[in-house]
1. Please enumerate, by chain and number, the aspartates and glutamates with C-alpha under 19 Å from the C-alpha of Lys113, excluding those fewer than 8 residues away in the same chain.
2. Along its principal axes, what span do the Cα atoms of the chain show, with the longest given first and each in whole Å?
3. What whole-number distance in Å separates the alpha-carbon centres of the range 1-72 and the range 146-224?
4. Lys/Arg Cβ at +1, Asp/Glu Cβ at -1, dipole of the chain taken about the Cα centre: which of Gly142, Ile26, Tyr42 is farthest positive-ward?
5. Suppose we flag GluC sites (Glu not before Pro) only when DSSP calls them loop and at most 11 other Cβ atoms lie within 10 Å. Which is the longest uninterrupted stretch of the chain?
6. Within the range 48-109, report the trypsin sites (Lys or Arg not before Pro) that DSSP leaves as loop and that have at most 12 other Cβ atoms within 10 Å.
7. Which FRET efficiency value, to the nearest 0.05, is calculated for Asp118 and Leu176 with the Förster distance at 45 angstrom and r the Cβ-Cβ distance?
8. Tell me the net charge near Glu208. Cut-off is 11 Å between Cβ atoms, Glu208 excluded, with +1 for each Lys or Arg and -1 for each Asp or Glu.
Amino acid sequence: EQEIGAQKDLKGKKILVTAGPTREAIDPVRYITNHSTGKMGYAVAKAAALRGADVTLVTGKTGTPKPRFVKLIEIQSAADMFEAVTAAAAEQDIIIKAAAVADYRPKSVGTEKTKKTDGDMAIELERTDDILKWLGAHRREGQFLCGFSMETQNMLENSRVKLDKKNIDMIVANNLKVEGAGFGTDTNVVTIITRERNLELEKMTKEEVADRLLDEILAVSADK
Ligand code: CTP
Ligand code: CA
């Protein structure tokens with residue numbers, strides 16, 4: 001039986017992976033975030049490193065153990081992630097965006113803790129920049145871009161729209177409503193969507209998904 005990672009088929013490749021949630025500050029003590037634990041992205045970073053790639057991992061704050069043998073860049077907000085990813089993008093052969101990036105952030109961030117009043121309160125939000133869309137618009141010749149897509153309805157249709165709109169090569173779709181998929185689980189149920197086809201994978205560990213995803217990226221980029 002062949003040990004995972006025994007085959008160094010990513011040797012010489014530079015791969016950037018993003019993972020985890022972002023945190024968008026409201027004031028010095030509060031922030032807006034999501035349920036991402038980074039497990040899927042960390043599994044991809046680890047698998048790529050074991051297969052010989054030179055891996056940079058840009059991650060939001062998580063409690064998940066960090067993979068070894070990768071260059072780790074820890075960030076908080078979507079704006080931090082944008083800065084870190086765009087600064088490192090030009091030299092990458094493959095970029096895999098597993099992070100759950102906030103779409104909105106508070107329009108203004110209080111410098112003092114917000115005190116409660118008797119009435120209701122509202123927080124005005126503004127859009128963050130779409131990092132993957134920026135990458136699709138500034139892609140280096142031959143660079144491979146892979147996103148992740150989380151949906152609760154019309155998963156395949158909505159994910160394919162993202163593939164086109166962001167001008168990327170592949171999007172890994174997962175349906176939050178399926179058992180054994182999504183946030184915090186050790187398994188995932190995904191469909192790997194490319195221009196040519198939808199490859200539906202059965203339920204498997206996030207480590208196995210990571211290896212299948214890297215296999216698919218190598219196969220698709222070989223035919224490009
Ligand atoms: N993404 C990004 N920057 C953002 C938002 C999303 O790079 N500001 C990336 C994610 O890392 C993921 C992909 O875009 O790889 C799809 O994210 P998703 O949230 O599923 O899609 P959105 O385009 O944000 O659309 P929506 O949330 O409305 O479904
Ligand atoms: Ca989103």
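Read-outs throughout are calculated quantities, based only on the coordinates presented, and are distinct from any laboratory measurement. Here the structure is a predicted model, which is why all the values come from computation and not from measurement. Positions of Cβ are generated from backbone atoms using ideal geometry, with glycine treated the same way; all protein chains shown enter the neighbour counts.
1. Glu24, Asp27, Glu124
2. Sorted largest first, the three principal extents are 65, 34, 34 Å.
3. The range 1-72 and the range 146-224 have Cα centres spaced 16 Å from each other.
4. In the chain, that residue is Ile26.
5. Values: sites that count: Glu1, Glu3, Glu112, Glu124, Glu141, Glu179, Glu196, Glu202.
Here the longest segment lacking exposed loop sites spans 4-111.
6. The qualifying sites are Arg68, Lys107.
7. 0.75
8. -2
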